[in-house]
1. If we count every other residue with Cβ under 13 angstrom of Ala50's Cβ, Lys/Arg +1 and Asp/Glu -1, where does the sum land?
2. Which aspartates and glutamates does Lys58 reach when only Cα atoms under 18 Å apart count, and residues fewer than 8 places away in its own chain are ignored?
3. Roughly what would the spin-label model give for Glu75 and Ser22, points 7 Å off Cα along C-beta, in nm?
4. Magnitude of the Cβ-charge dipole of the range 11-83, K/R +1 and D/E -1, about the Cα centre, nearest 20 debye?
Amino acid sequence: MAKFRMDVDQKRYFCTLCSEGSITRAAQSLYLSRQGLSKSMKSLESQLGAQLFVRGKKGVELTAAGRILLRYLHEEGRLWDAVSYTHLTLPTN
């Protein structure tokens with residue numbers, strides 16, 4: 001199986017869509033077209049081989065796979081914050 005890596009934009013788009021719960025609101029927040037954001041998320045789902053969102057008339061909801069990815073991205077962010085903090089607090093001698 002090939003390694004998969006999300007680029008920064010994919011992460012930002014995914015997390016924004018999760019927090020907004022709506023493709024329209026997320027696209028506005030990201031200054032993207034609805035179609036561009038939707039296409040990007042469908043491409044991400046295709047790359048992962050998993051549906052991340054259930055799309056409905058009232059917005060989007062995360063699937064189990066989407067919740068796992070969101071939890072992973074939050075953990076990744078927390079770890080980067082810890083590394084940054086450690087780097088800033090290490091003695092320089």
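1. Details: positive: Lys42, Arg67; negative: Glu45.
Net charge in that neighbourhood comes out at +1.
2. Candidates past the 8-residue exclusion: Glu20.
3. Once both label points are built, they end up 3.2 nm from each other.
4. 340 debye
No value in this document is a laboratory result; all are computed from the given coordinates. As the structure is a prediction and not an experimental result, all values here were calculated from the model. Heads up, the Cβs are rebuilt from the backbone with ideal geometry, glycines too, and the neighbour counts pull from every protein chain shown.
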